[in-house]
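Enquirer: One structure coming up, written as structure tokens, with questions to follow.
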Amino acid sequence: MKILLVYPEVAETFWSFKHSLRVVRRKAAFPPLGALTVAAMLPDSWEKRLVDLNVRTLRDEELLWADYVFISAMIAQKNSARQVVDRCRALGARVVGGGPLFRVYPDDFADIDHMVVGEAESIISEVVRDLETGRPKRFYRASDFPDLGAIPVPLWDLINLNDYASMSIQYSRGCPFNCEFCDVIVMNGRVPRLKRDEQVLAELQSLYSRGWRGTVFIVDDNFIGNKEKVKGLLRSIIAWQKGKLRRFNFLTEASVNLAEDSELMNLMVQAGFHKVFLGLETPIEEGLRECGKGQNLKRNLSDSVATIQKHGLAVMGGFIIGFDSDPPDIFQRQVNFIQKNGIVTAMVGLLTAVPGTRLYTRLESEGRMLFKSSGDNTDAGGSLNFITKMDRQKVIEGYRWVMNSVYSPEMYYNRILAFLRAYRPRTRFHFENNDLLTLVRSLWYLGIVDNKSRNYYWKILRKTLSNYNGAFGEVIAMAIQGYHFRELFWSPKLPIKLEEWPSGVTL
């Protein structure tokens with residue numbers, strides 16, 4: 001059996017890092033972890049190839065070679081997935097589709113041959129059996145949340161690791177919280193399921209043995225969903241990292257209650273974690289209550305961010321605009337919160353209703369749904385897919401102003417300075433596989449070519465070398481990422497209310 005796994009192109013989004021990739025000379029931000037894991041679950045006797053459309057183009061002869069084309073996709077890859085399916089149909093290639101895209105919008109892909117909905121581990125053996133016997137079904141649906149203890153190491157040999165800025169692994173699925181807008185518990189449940197520590201170490205060792213020395217993104221939606229178990233894993237990673245000349249750096253996603261556990265934060269830093277993404281959502285308490293984000297109401301959000309950054313973890317924040325309870329000044333209050341707390345990477349998105357979530361059910365019952373989401377919550381025209389309480393045009397214009405403000409060169413670099421004043425690095429961060437080359441390219445692109453922000457770039461480097469040299473790697477990485485965000489969101493034609501910035505955080 002010949003299987004071609006195709007990973008569609010990710011639309012240019014906040015997390016695509018398209019513009020930053022030019023600086024670090026990588027082709028894509030992250031590898032297609034789901035497709036690589038599915039490939040490892042297929043029989044060893046099958047011949048497998050993988051094409052990541054974020055890395056290179058797909059050739060017709062590759063489609064004609066395959067007995068089946070496996071497409072794994074997220075919602076933000078919908079347009080590219082559609083193009084791949086159309087090519088397959090034109091050439092007579094049979095398609096097997098799986099991933100969140102096909103779970104959420106199966107009707108949009110009614111023309112594919114075989115669809116797999118749910119987690120592959122609980123149904124892959126049936127799919128394999130049917131393909132081998134030549135009697136595959138049109139539709140497969142997983143009926144449970146499978147144990148993760150038998151998941152194999154991803155088939156890394158199907159890709160070139162050096163095409164990617166970061167590697168990815170998964171430790172757990174599921175989240176104990178029930179935020180109204182989130183589809184994590186719809187897909188993966190509320191009880192976190194975990195891999196065994198030995199599995200995670202085997203995956204790390206497989207990357208290390210293949211020469212990877214860069215950042216590893218642990219892609220869990222909530223890495224600390226089971227705090228006691230994750231502490232055991234962290235101790236295992238600390239032991240695994242010992243003696244290595246070049247340790248891995250990790251980043252992950254977590255809930256804000258991380259700030260309540262000093263032991264957990266210390267273990268994460270000792271293990272090599274340097275960044276954590278938190279769903280902060282909004283500084284408005286009523287908005288947090290509206291979306292069921294009770295874990296964010298237990299303590300002051302600013303204090304939580306400060307506590308985590310003082311422990312040596314840079315906070316990346318997720319924020320949402322579009323709640324029914326948003327006051328007229330929500331836009332300025334979001335900007336002020338982000339600036340004041342030094343949240344350099346601030347992923348501000350418009351509220352989006354995804355099928356299966358409590359939010360979607362509520363809005364549909366209220367007759368407020370408008371259209372299907374594009375899957376990119378920073379897409380002002382394609383993500384705000386319901387009738388808002390605030391005037392819709394005001395929400396969109398205010399949102400654009402927020403993104404233009406926080407990713408203007410002046411505010412972005414001043415936010416790095418605010419971060420440095422709170423941050424207490426505990427370990428040295430390596431910002432790329434080849435630090436020296438990345439530094440040189442950063443100096444060229446951001447310090448010379450980018451005339452929009454080069455003055456701020458040189459100022460922050462001088463400040464960092466003079467007062468915060470332990471965070472030099474983080475600052476270079478933030479500067480490179482900021483280039484992507486500016487290209488995506490900033491226009492010098494839109495005004496910024498400088499008078500409302502917090503005082504004392506300017507270069």
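Enquirer: Residues that are closer than 16 Å to Val344 by Cβ and at pLDDT below 95: does the range 432-441 have at least one? Step through it out loud before you land on a result.
Expert: Just the residues of the range 432-441 that are closer than 16 Å to Val344 by Cβ, to begin with: none.
No, the range 432-441 contains no residue that is closer than 16 Å to Val344 by Cβ and at pLDDT below 95.
Enquirer: Then there is this: Every residue in the range 180-219 that is under 25 Å from Ala28 (Cα atoms), out of contact with any helix residue (DSSP H, G or I) (no Cβ under 7 Å at 6 or more places or on another chain) and among the polar types (S, T, N, Q), please.
Expert: Across the range 180-219, the qualifying residues are Gln205, Ser209, Thr215.
Enquirer: Same structure again: Given (1) buried (at least 18 other Cβ atoms within 10 Å of the Cβ); (2) hydrophobic (A, V, I, L, M, F, W, C); (3) closer than 25 Å to Lys27 by Cα, identify the lone condition not met by Val153.
Expert: Result: Val153 fails condition (1) only.
Enquirer: If you don't mind, another one. Taking Asp324 as the residue in question, decide whether it is under 20 Å from Arg289 (Cβ atoms) and assigned to a loop (DSSP other than H, G, I, E, B). Before you say what the answer is, go through the steps one by one.
Expert: On the way: under 20 Å from Arg289 (Cβ atoms): yes; assigned to a loop (DSSP other than H, G, I, E, B): yes.
Taking the combined requirement at face value, the residue satisfies it.
Enquirer: Quick check, is Gly382 surrounded by 15 or more Cβ atoms within 10 Å (Cβ to Cβ) and without any contact (Cβ under 8 Å) to a residue 40 or more places away in the chain? Spell out how you get there, then give the answer.
Expert: Details: surrounded by 15 or more Cβ atoms within 10 Å (Cβ to Cβ): yes; without any contact (Cβ under 8 Å) to a residue 40 or more places away in the chain: yes.
Judged against the criteria, Gly382 is a match.
Enquirer: Out of the residues in the range 182-202 that are among the basic types (Lys, Arg) and touching a strand residue (DSSP E or B) at 6+ places or on another chain (Cβ under 9 Å), which is farthest from Asn162 (Cα to Cα)?
Expert: Restricting attention to the range 182-202, the residues satisfying the condition of being among the basic types (Lys, Arg) are 190, 193, 195-196.
Among the residues that remain, those that are also touching a strand residue (DSSP E or B) at 6+ places or on another chain (Cβ under 9 Å) are: 193, 195.
Details: Arg193: 31, Lys195: 26 Å.
Per the stated criteria, the residue is Arg193.
Enquirer: Here is a follow-up. Residue check, Gly312 against (1) assigned to a loop (DSSP other than H, G, I, E, B); (2) touching a Gly at 6+ places or on another chain (Cβ under 8 Å), all met but one. Which one?
Expert: Just one mismatch for Gly312, condition (2).
Enquirer: May I pose another question? With hydrophobic (A, V, I, L, M, F, W, C) and over 18 Å from Lys48 (Cα atoms) as the only criterion, which of Val95, Val116, Val153 stands out? I'd like the intermediate steps shown before the answer.
Expert: On the way: Val95 fails: over 18 Å from Lys48 (Cα atoms); Val153 fails: over 18 Å from Lys48 (Cα atoms).
Answer to the selection: Val116.
Enquirer: Tyr413 fails exactly one of the following numbered conditions: (1) touching a residue at least 24 places away in the same chain (Cβ under 8 Å); (2) part of a loop (DSSP other than H, G, I, E, B); (3) of a type in the set (Phe, Trp, Tyr). What is the number of that condition?
Expert: (2)
Enquirer: Looking for whichever is aliphatic (A, V, I, L, M) and farther than 22 Å from Ser16 by Cα here; the options are Leu131, Leu53. Which one fits?
Expert: Numbers: Leu53 fails: farther than 22 Å from Ser16 by Cα.
Selected residue: Leu131, the only one of Leu131, Leu53 that is aliphatic (A, V, I, L, M) and farther than 22 Å from Ser16 by Cα.
Enquirer: Here is a list: Glu290, Glu281, Glu286. Which entry is under 25 Å from Leu264 (Cα atoms) and acidic (Asp, Glu)?
Expert: Working: Glu290 fails: under 25 Å from Leu264 (Cα atoms); Glu286 fails: under 25 Å from Leu264 (Cα atoms).
Just one listed residue meets the conditions, Glu281.
Enquirer: What is the one condition in (1) touching a Leu at 6+ places or on another chain (Cβ under 9 Å); (2) in a loop (DSSP other than H, G, I, E, B); (3) more than 30 Å from Gly482 (Cα to Cα); (4) not hydroxyl-bearing (Ser, Thr, Tyr) that Pro355 does not satisfy?
Expert: All conditions pass for Pro355, except number (1).
Enquirer: If you check every pair at least six apart or on different chains, which have Cβ atoms under 8 Å apart with a residue in the range 304-331 that is farther than 18 Å from Phe181 by Cβ first and a residue that is among the acidic types (Asp, Glu) second?
Expert: Qualifying pairs under 8 Å: Ala314/Glu474.
Enquirer: Another question, then. If you check Ala142 against the conditions, is it under 30 Å from Asp197 (Cβ atoms) and surrounded by 15 or more Cβ atoms within 10 Å (Cβ to Cβ)?
Expert: Details: under 30 Å from Asp197 (Cβ atoms): yes; surrounded by 15 or more Cβ atoms within 10 Å (Cβ to Cβ): yes.
So Ala142 fits the description; yes.
Enquirer: Quick one: in the range 463-491, which of the residues that are within 21 Å of Leu21 (Cα to Cα) and without any contact (Cβ under 8 Å) to a residue 60 or more places away in the chain is surrounded by the most Cβ atoms within 10 Å (Cβ to Cβ)?
Expert: My answer is Val475.
Enquirer: List pairs: first residue in the range 204-229 and touching a residue at least 60 places away in the same chain (Cβ under 8 Å), second residue surrounded by fewer than 23 Cβ atoms within 10 Å (Cβ to Cβ) and of a type in the set (Lys, Arg) anywhere in the structure, Cβ distance under 7 angstrom, at least six positions apart or on different chains.
Expert: Arg213/Arg246
Enquirer: Can we say Ser206 is exposed (fewer than 15 other Cβ atoms within 10 Å of the Cβ) and either out of contact with any strand residue (DSSP E or B) (no Cβ under 7 Å at 6 or more places or on another chain) or among the β-branched types (Val, Ile, Thr) (or both)? Talk me through it step by step, then tell me what you get.
Expert: Details: exposed (fewer than 15 other Cβ atoms within 10 Å of the Cβ): no; either out of contact with any strand residue (DSSP E or B) (no Cβ under 7 Å at 6 or more places or on another chain) or among the β-branched types (Val, Ile, Thr) (or both): yes.
The answer is no for Ser206.
Enquirer: Moving on. Whether any residue in the range 442-462 is part of a helix (DSSP H, G or I), touching a strand residue (DSSP E or B) at 6+ places or on another chain (Cβ under 9 Å), in contact (Cβ under 8 Å) with a residue 40 or more places away in the chain and not charged (D, E, K, R) is what I want to check. I'd like the intermediate steps shown before the answer.
Expert: Kept after step one, since they are part of a helix (DSSP H, G or I), are these residues of the range 442-462: 442-449, 454-462.
After this cut, where a residue has to be touching a strand residue (DSSP E or B) at 6+ places or on another chain (Cβ under 9 Å) as well, the list is none.
No: zero hits.
The values are calculated or read from the model by the stated rules, or taken from the named source; none is laboratory data. Bear in mind the structure is a predicted one, so any value in this text is a computation, not a measurement. Backbone-built Cβ (ideal geometry, glycine too); neighbour counts: all protein chains shown.
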